[in-house]
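Q: Structure in structure tokens, see below.
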Amino acid sequence: NAGVTQTPKFRVLKTGQSMTLLCAQDMNHEYMYWYRQDPGMGLRLIHYSVGEGTTAKGEVPDGYNVSRLKKQNFLLGLESAAPSQTSVYFCASSSGVSNQPQHFGDGTRLSIL
Amino acid sequence: GDSVTQMEGPVTLSEEAFLTINCTYTATGYPSLFWYVQYPGEGLQLLLKATKADDKGSNKGFEATYRKETTSFHLEKGSVQVSDSAVYFCAPGARSGNTPLVFGKGTRLSVIA
């Protein structure tokens, strides 16, 4: 029972490099989310999707792009990485029903040098 | 939109002490309310939930009662253990298909033997 799987778990980038974080869920959830977690800041929503082919901006979308080409996958891209994007990134999914929780992956720890 | 305010940590307790982490919400009506827990190096996972006013959620010795009079959903445990050391997040449920959850900033709990 995999749930939400994030790839990779760790990555170190140099400033200006690009990369894509992959999130996959096997629960047939409509909604998927990308958050970043920084010390003392809690969870901040970057982008989210309410269905295949749709995306929307969250609280801190600048510097990131996302795509949801398949229902089970939600990709987060950094086109030109900056040190301010050093963080732990979490993906989550949910059915969208109000009394149902979000399910989280284990996170990707990203360092930008 | 709906939001929650959590007490700030960190909270440090001795083993077997009583725990309360305060959470108050601001919402129109009565959304579902959730407590999530994040153990070191992991993603968030659902701890307990309450789907309507006056409901009590419970799990692993933790309890929280949805109190509409005080708009609160405080997390309690009668006797904490070292293994309860984690970060705890309060969050309202989604209100509509397009509204992401807004998490509290999290409260870090450290339990010492």
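Q: Which of the residues belonging to the range A:22-43 are under 24 Å from B:Thr107 (Cα atoms) and either hydroxyl-bearing (Ser, Thr, Tyr) or open to solvent by less than 50 Å² (accessible area, probe 1.4 Å) (or both)?
A: A:Tyr33, A:Trp34, A:Tyr35, A:Arg36, A:Gln37, A:Asp38, A:Gly42, A:Leu43
Q: Another one. For B:Val11, which of the numbered conditions (1) in contact (Cβ under 8 Å) with a residue 40 or more places away in the chain; (2) under 13 Å from the mean Cα position of the chain (by Cα); (3) more than 27 Å from A:Val50 (Cα to Cα); (4) open to solvent by less than 50 Å² (accessible area, probe 1.4 Å) fails to hold?
A: (2)
Q: For residues that are small (Gly, Ala, Ser) and either assigned to a loop (DSSP other than H, G, I, E, B) or more than 24 Å from A:Leu43 (Cβ to Cβ) (or both), scanning just the range B:41-53, find the one that is nearest to the other protein chains (Cβ to nearest Cβ). Before the answer, list the steps.
A: Residues of the range B:41-53 small (Gly, Ala, Ser): B:41, B:43, B:50, B:53.
When the remaining residues are screened for being either assigned to a loop (DSSP other than H, G, I, E, B) or more than 24 Å from A:Leu43 (Cβ to Cβ) (or both), the result is B:41, B:43, B:53.
Working: B:Gly41: 8, B:Gly43: 3, B:Ala53: 13 Å.
The selected residue is B:Gly43.
Q: Pick from the range A:97-113 the residues that are touching a residue at least 60 places away in the same chain (Cβ under 8 Å) and buried (at least 19 other Cβ atoms within 10 Å of the Cβ): which of them is nearest to the other protein chains (Cβ to nearest Cβ)?
A: Step one: list which residues in the range A:97-113 are touching a residue at least 60 places away in the same chain (Cβ under 8 Å), which gives A:102-113.
From the residues that got through so far, the ones that are buried (at least 19 other Cβ atoms within 10 Å of the Cβ) too are A:102-105, A:107-108, A:110, A:112.
Numbers: A:Gln102: 6, A:His103: 8, A:Phe104: 3, A:Gly105: 5, A:Gly107: 5, A:Thr108: 10, A:Leu110: 15, A:Ile112: 20 Å.
Ranking the candidates gives A:Phe104 first.
Q: So, one more: Criterion first (within 17 Å of B:Tyr36 (Cβ to Cβ) and assigned to a loop (DSSP other than H, G, I, E, B)) does A:Ser93 satisfy it? Lay out the reasoning, then the answer.
A: Working: within 17 Å of B:Tyr36 (Cβ to Cβ): yes; assigned to a loop (DSSP other than H, G, I, E, B): no.
So A:Ser93 fails the test.
Q: Here's a follow-up. From B:Val102, B:Val111, B:Val82, which residue is within 12 Å of another protein chain (Cβ to nearest Cβ) and either over 10 Å from the mean Cα position of the chain (by Cα) or loosely packed, with under 15 Cβ neighbours inside 10 Å (or both)?
A: Exactly one of B:Val102, B:Val111, B:Val82 is within 12 Å of another protein chain (Cβ to nearest Cβ) and either over 10 Å from the mean Cα position of the chain (by Cα) or loosely packed, with under 15 Cβ neighbours inside 10 Å (or both), namely B:Val102.
Q: Which members of the range B:36-58 meet the condition of being under 18 Å from A:His103 (Cα atoms), under 12 Å from the mean Cα position of the chain (by Cα) and open to solvent by 60 Å² or more (accessible area, probe 1.4 Å)?
A: Listed by number, the residues that qualify are B:Gln45, B:Leu46, B:Lys49.
Q: Ok, one more. Mind counting the residues in the range B:54-109 that are over 30 Å from A:Thr54 (Cβ atoms) and in a strand (DSSP E or B)?
A: So the count comes out to 19.
Q: Of the residues B:Thr26, B:Thr5, B:Thr71, which is open to solvent by 70 Å² or more (accessible area, probe 1.4 Å), farther than 26 Å from A:Gly105 by Cα and touching a strand residue (DSSP E or B) at 6+ places or on another chain (Cβ under 9 Å)?
A: Residue meeting the stated conditions: B:Thr26.
Q: Scan the range A:72-96 residue by residue and report those that are farther than 17 Å from A:Thr7 by Cα, open to solvent by 10 Å² or more (accessible area, probe 1.4 Å) and hydroxyl-bearing (Ser, Thr, Tyr).
A: A:Ser80, A:Ser84, A:Ser95
Q: Check whether at least one residue in the range B:9-30 is at the interface with chain A (Cβ under 10 Å from one of its Cβ atoms), in contact with a Ser or Thr (Cβ under 9 Å, 6 or more places away or on another chain) and under 22 Å from A:Ser94 (Cβ atoms), and report yes or no.
A: No, the range B:9-30 contains no residue that is at the interface with chain A (Cβ under 10 Å from one of its Cβ atoms), in contact with a Ser or Thr (Cβ under 9 Å, 6 or more places away or on another chain) and under 22 Å from A:Ser94 (Cβ atoms).
Q: I've got another one for you. Quick check on the range A:58-72. Is at least one of its residues touching a strand residue (DSSP E or B) at 6+ places or on another chain (Cβ under 9 Å), away from every other protein chain (no Cβ under 12 Å) and touching a residue at least 40 places away in the same chain (Cβ under 8 Å)?
A: Within the range A:58-72 (the criterion being touching a strand residue (DSSP E or B) at 6+ places or on another chain (Cβ under 9 Å), away from every other protein chain (no Cβ under 12 Å) and touching a residue at least 40 places away in the same chain (Cβ under 8 Å)), the answer is yes, since at least one residue qualifies.
Q: If you go through the range A:58-65 one residue at a time, do you hit one that is of a type in the set (D, E, K, R), touching a Leu at 6+ places or on another chain (Cβ under 9 Å) and open to solvent by 60 Å² or more (accessible area, probe 1.4 Å)?
A: yes
The values are calculated or read from the model by the stated rules, or taken from the named source; none is laboratory data. Predicted model only: the values in this text are computed from it and were never measured. Virtual Cβ from ideal backbone geometry, glycine too; neighbours counted across all protein chains shown. All accessible areas refer to the heavy atoms of the entire protein, side chains included, with ligands and DNA or RNA removed. Shrake-Rupley method; radii C 1.70, N 1.55, O 1.52, S 1.80 Å.
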